[in-house]
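Contents: one structure, followed by commentary.
The values are calculated or read from the model by the stated rules, or taken from the named source; none is laboratory data. All values reported here derive from a predicted model rather than from experimental measurement. Don't worry about glycine lacking a Cβ; one is built from the backbone with ideal geometry, like all the others, and counts go over all protein chains shown.
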Amino acid sequence: MLLVNNLSFKRNNNIIFHNISFSVGSKKIIHLTGKNGSGKTTLIKLLAQILLPSQGDIFWNGKKIKKNIFDFYKNTSLIMDTHSANLNLTIGENIFFWKKLSSSSINIKETNAILELLLLKQYINTPVGYLSRGEIKKLELSRLILEQKKLWVLDEPYSGLDESTIKLVNETFINHIDNSGMIVLSSHYLPQINNFESINLENYADY
Amino acid sequence: MQIINAIFALFYREYKITFRNFSDILAILLFFILGILIFVFSIGSNNEIFNQIGIGVIWTLLLLSNNLSLKKFYHDDFNDGSIIVMHMGGLSYELIVLIKIITTWIFVQCPFFLIIPIAAILLDIQINNIIYILVSFLIGSPILTSIASIAGSMNLLNNRNFTIGSLIIMVLSIPVIIFSVGIVNEAADLIKAQLNILLGILLLFLAITPWVSAVCIKLALQNK
Amino acid sequence: MKFLINPNRFNQMSDLILIPLIILTLLTLLIGLIFVFYLSPEDYQQGSTVRIMYVHVPSAWLAMLTFFIMTVYSIVGLAFKIPFSFIVNSAVAPIGAIFTLICLITGSLWGKPMWGTWWVWDARLTSVAILFIMYLIIIFLKKSFNNNDVGEKITAIFIIVGSINLPIIKFSVDWWNTLHQPATISKLSSPSIDASMMKPLIIMTISFTLIGLVTAFLRIKAEILERKLRN
């Protein structure tokens, strides 16, 4: 259960956003939106503890996130706009690395099933550098299922994806929620799902 | 335990990446050999001179070759965000730095243990001295790797003047070269003293490098 | 004491002190030069050339003092998150660089007639040369970053790591006894320099310190203004 309380962030004396509060519990999707520069990526970075807020607190499972950081990381998958698969390694090697890092209990059959769904299975022994941008992005998103974590935090997950993949991603989101998962995602587009809470960061720009 | 899995995974990943790009390592070794060759041409193939300056030439080139490993440390992982993935997998930044230093030392510096004797023979250096060079390199090479790690982490957001990374490495490596070259042609207890000083510098750098590099990485992540 | 860490207090203090400080600087410089040229003896061996020492030694001390101040401010700035320390760092680095350069050049000019060589690679000369290069790296490093906050923090880290050089300079003269003369002034033993040479040396040191201080104050004030404009 993630709780954001009166979060504010300043950069160079410019207030990016002020007094944002929301909570994410099981079976909940939070959709962050707003024009470019409104602070979507910044808020994601604050959640991931890459940045520290100027004011306010984040709580994870009842404790301050700074004191509960290992539990938070153990239960969170973070997908940013960069592609964290190493271009020199094959898909299989990257997946092995992610699995070991997250001590996920997913087995080979399930992994192969996901890769087939994403149309990546034939590239399992190809270095990622040879794949197209969209395929690398699909690989990145596969981390969500591979790591088997409860909270998914995503920055612009739909960018660069084709329609069928977007549909696949939305189905995956719904599946995750049905299994008591939590999602925080930032996007310009409105997700074609039911039942999410939208937060427009432009509403928090001035106070 | 989970952390041991994560540590092993990172070692394995670095090993695989290095061997996927093995020509990179060979290029660094070739740089060293080419440097020796350039010295031979610039000084003229006078064996007497090599006896006196050969060790210095070898150490100078070891230092300069170290510059080439600058970008290998954190740049790729920082730019594609995988360093955040590693951090969220339970590895603290200090631990990531330590593992990177160990793998870079093994894959970039250790091949020099084979190349240095070859270069030394080419420069007509006696066997005794070759052993001294290898011993001082054993202590000095982790120091050089640590310095390269510090310089690499400092230059993550440096987009204007990348040469300065090499300058930082060269300036910080000067004590290493002072105490490792001075070992040869000295009396036995002086050698011990200088080796001890070198060992002290090594311990100092091992103590501060993970912390310094981690601070620089965190700083760079905040301002990406 | 707040003026050491707070830019507004610093501006208040420096506005009060600046003019008297400039007058004091010119005064001590004048007195010092009188002592140097008229009231100090010629050296038994070196003749009049020894008077270069009265510029060479103070600038050496100030070169190291400046680096020490930068190190302290870097630690304070990183540990306690005080932005003023980075202002001091960027203001004071070129001053230290110039003092080091004066030290090297006057040393060289002194060395040629006295010991027959412009330069020699003994421990002290080498470590002061390294100090100069460090200053240059510090100045270049700060400019290499698009983001000023990152640049000044990374530079502060480099200053702390590079401050290891200072003890090496200070003690290198004890470890290696080569061309440069051993320290004549140390805390543990009475100085081996005659009082008549000590007086002008001290006055010139004070005047150089004041010159450094005045320049630093002016540069810090300018740096504070520049940051205000940027924001």
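Annotations for the structure displayed:
- The range A:47-78 - residue that is within 13 Å of the chain's Cα centre (by Cα) and farther than 22 Å from residue B:75 by Cα and, of those, nearest to the other protein chains (Cβ to nearest Cβ): A:73
- Within the set A:3, A:43, the sole residue that is modelled with pLDDT of 90 or more, at negative phi, buried (at least 19 other Cβ atoms within 10 Å of the Cβ) and not acidic (Asp, Glu) turns out to be A:43.
- Residues within the range A:84-103 that are part of a helix (DSSP H, G or I), among the aliphatic types (A, V, I, L, M) and within 7 Å of chain B (Cβ to nearest Cβ), tallied: 1
- Annotation for the range B:23-36: at least one member residue is within 30 Å of residue A:79 (Cβ to Cβ), under 18 Å from the mean Cα position of the chain (by Cα) and either more than 14 Å from chain A (Cβ to nearest Cβ) or surrounded by 15 or more Cβ atoms within 10 Å (Cβ to Cβ) (or both).
- Some residue of the range C:86-94 being within 14 Å of chain B (Cβ to nearest Cβ) and within 25 Å of residue B:212 (Cα to Cα): yes
- Subset tally (residues that are crowded, with 20+ Cβ neighbours inside 10 Å, in contact with a strand residue (DSSP E or B) (Cβ under 7 Å, 6 or more places away or on another chain) and in contact (Cβ under 8 Å) with a residue 40 or more places away in the chain) for the range A:74-112: 5
- Residue A:81 fulfils the conditions (1) among the charged types (D, E, K, R); (2) within 12 Å of chain B (Cβ to nearest Cβ); (3) in a helix (DSSP H, G or I) except for a single criterion, (3).
- Residue identified as within 25 Å of residue C:150 (Cα to Cα) and β-branched (Val, Ile, Thr) among C:19, C:34, C:5: C:5
- Some residue of the range A:137-150 being of a type in the set (Ser, Thr, Tyr) and within 18 Å of residue A:99 (Cα to Cα): yes
- Enumeration of residues in the range B:41-81 that are farther than 25 Å from residue B:163 by Cα and either buried (at least 19 other Cβ atoms within 10 Å of the Cβ) or charged (D, E, K, R) (or both): B:48, B:50, B:54, B:55
- When the range A:120-158 is filtered for residues that are within 18 Å of residue A:105 (Cβ to Cβ) and in a loop (DSSP other than H, G, I, E, B), the ones remaining, listed by number, are A:148, A:149, A:150.
- Residue satisfying condition, being buried (at least 19 other Cβ atoms within 10 Å of the Cβ) and among the acidic types (Asp, Glu), within set A:155, A:57, A:71: A:155
- Looking only at residues in the range A:89-119 that are of a type in the set (S, T, N, Q) and within 20 Å of residue B:3 (Cβ to Cβ), the one that is modelled with the highest pLDDT is A:102.
- Identity of the residue in the range B:76-110, in a helix (DSSP H, G or I), hydroxyl-bearing (Ser, Thr, Tyr) and touching a residue at least 40 places away in the same chain (Cβ under 8 Å), that ends up farthest from residue A:72 (Cα to Cα): B:104
- Selection within the range C:5-55 - closer than 30 Å to residue C:80 by Cβ, buried (at least 18 other Cβ atoms within 10 Å of the Cβ) and among the polar types (S, T, N, Q): C:14
- Unique match (being at pLDDT below 85, aromatic (Phe, Trp, Tyr) and more than 17 Å from residue A:135 (Cα to Cα)) among A:196, A:173: A:196
- Here residue B:113 does not qualify as assigned to a helix (DSSP H, G or I), touching a residue at least 24 places away in the same chain (Cβ under 8 Å), surrounded by fewer than 21 Cβ atoms within 10 Å (Cβ to Cβ) and within 14 Å of chain A (Cβ to nearest Cβ).
- Residue match in the range B:85-92 (condition: within 14 Å of chain A (Cβ to nearest Cβ) and on the phi > 0 side of the Ramachandran plot): yes
- Picking from residues in the range B:157-172 that are touching a residue at least 12 places away in the same chain (Cβ under 8 Å) and hydrophobic (A, V, I, L, M, F, W, C), the one that is farthest from the other protein chains (Cβ to nearest Cβ) is B:169.
- Condition met for residue C:109 (under 14 Å from residue C:125 (Cα atoms), of a type outside the set (Gly, Ala, Ser), assigned to a helix (DSSP H, G or I) and at pLDDT 95 or above): no
- Residues satisfying the criterion are absent from the range B:102-123 (criterion: of a type in the set (Phe, Trp, Tyr) and either within 20 Å of residue B:220 (Cβ to Cβ) or touching a Gly at 6+ places or on another chain (Cβ under 9 Å) (or both)).
- Checking residue B:72 against (1) at pLDDT 90 or above; (2) within 14 Å of chain A (Cβ to nearest Cβ), the condition it does not meet: (1)
- The one condition in (1) more than 22 Å from residue B:11 (Cβ to Cβ); (2) in contact with a strand residue (DSSP E or B) (Cβ under 9 Å, 6 or more places away or on another chain); (3) exposed (fewer than 14 other Cβ atoms within 10 Å of the Cβ) that residue A:123 fails to fulfil: (3)
- Residue satisfying all of: in the range B:192-201; aliphatic (A, V, I, L, M) and within 13 Å of chain C (Cβ to nearest Cβ); nearest to residue B:147 (Cα to Cα) among these: B:201
- Taken as a whole, the condition of being among the basic types (Lys, Arg) and not in a helix (DSSP H, G or I) applies to residue A:67.
- Check on residue B:204, surrounded by 18 or more Cβ atoms within 10 Å (Cβ to Cβ) and within 9 Å of chain C (Cβ to nearest Cβ): no
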